[in-house]
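Asker: Take a look at the following structure, please.
The values are calculated or read from the model by the stated rules, or taken from the named source; none is laboratory data. None of the values given here were measured: they were computed from a predicted structure. Every residue, glycine among them, receives a Cβ derived from its backbone with ideal geometry; neighbour counts consider all protein chains shown.
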């Protein structure tokens, strides 16, 4: 049975929920491919679980009050894999000591993912490739930029 769009949308929502709630890394690893992982974030590339942990530990200790709201998910499904174009609205706060106030960002990010079937999690999908900056971030007026 091939991947469905509903399955993809459920998986995408689960990914962002993990990020928003800073779930334990052990619950996030099953959402990622064990081999061939290629994640591109503005602050560096991730090729394996060890480098993902470094990134995840940093961002979950930096950002708070995060909200990822999925604007759209378009999928090109080919059997056991799919290429996704995801637009997500992200809001988050962060504080840099000794600043008197935290900063807040609000943006839309256009991302491209490649997912494939897996039996490692209840969603039946895992991320193989993830490019967080397919297009420049679209910041809301008046909010901080990263």
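Residue by residue, here is whether (1) under 14 Å from residue 15 (Cα atoms); (2) free of Cβ contacts under 8 Å to residues at least 12 places away in the same chain; (3) buried (at least 18 other Cβ atoms within 10 Å of the Cβ); (4) over 18 Å from the mean Cα position of the chain (by Cα) holds:
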position: 87; (1), (2), (3), (4): yes, no, no, no
position: 92; (1), (2), (3), (4): no, no, yes, no
position: 98; (1), (2), (3), (4): no, yes, no, yes
position: 119; (1), (2), (3), (4): no, yes, no, yes
position: 127; (1), (2), (3), (4): yes, no, yes, no
position: 130; (1), (2), (3), (4): yes, no, yes, no
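Asker: Which members of region 73-83 meet the condition of being over 16 Å from residue 108 (Cα atoms), in contact (Cβ under 8 Å) with a residue 60 or more places away in the chain, assigned to a strand (DSSP E or B) and in contact with a strand residue (DSSP E or B) (Cβ under 8 Å, 6 or more places away or on another chain)?
Answerer: Residues satisfying the conditions are 75, 81, 82.
Asker: With the requirement that a residue be touching a helix residue (DSSP H, G or I) at 6+ places or on another chain (Cβ under 9 Å) and within 17 Å of residue 132 (Cα to Cα), what does region 75-87 give you?
Answerer: The answer is 75, 82, 84, 86.
Yes or no, residue by residue, for (1) in a strand (DSSP E or B); (2) in contact with a helix residue (DSSP H, G or I) (Cβ under 6 Å, 6 or more places away or on another chain):
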residue	(1), (2)
34	no, no
52	no, no
65	yes, no
68	yes, yes
71	yes, no
89	yes, no
98	no, no
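Asker: Residue by residue through region 36-50, note down the ones that are outside any strand (DSSP E or B), at pLDDT 95 or above and touching a helix residue (DSSP H, G or I) at 6+ places or on another chain (Cβ under 9 Å).
Answerer: Step one: of region 36-50, the residues outside any strand (DSSP E or B) are 36-37, 42-43, 47-50.
Among the residues that remain, those that are also at pLDDT 95 or above are: 36-37, 47-50.
Across region 36-50, the qualifying residues are 37, 49.
Asker: Follow-up question, since we're still on this one. Just the residues that are assigned to a loop (DSSP other than H, G, I, E, B) and at negative phi, please, taken from region 2-32. Walk me through how you get there before you give the answer.
Answerer: Narrowing region 2-32 to residues assigned to a loop (DSSP other than H, G, I, E, B): 2-4, 21-24.
If the condition is that a residue be assigned to a loop (DSSP other than H, G, I, E, B) and at negative phi, then 2, 3, 4, 21, 23, 24 are the ones that fit.
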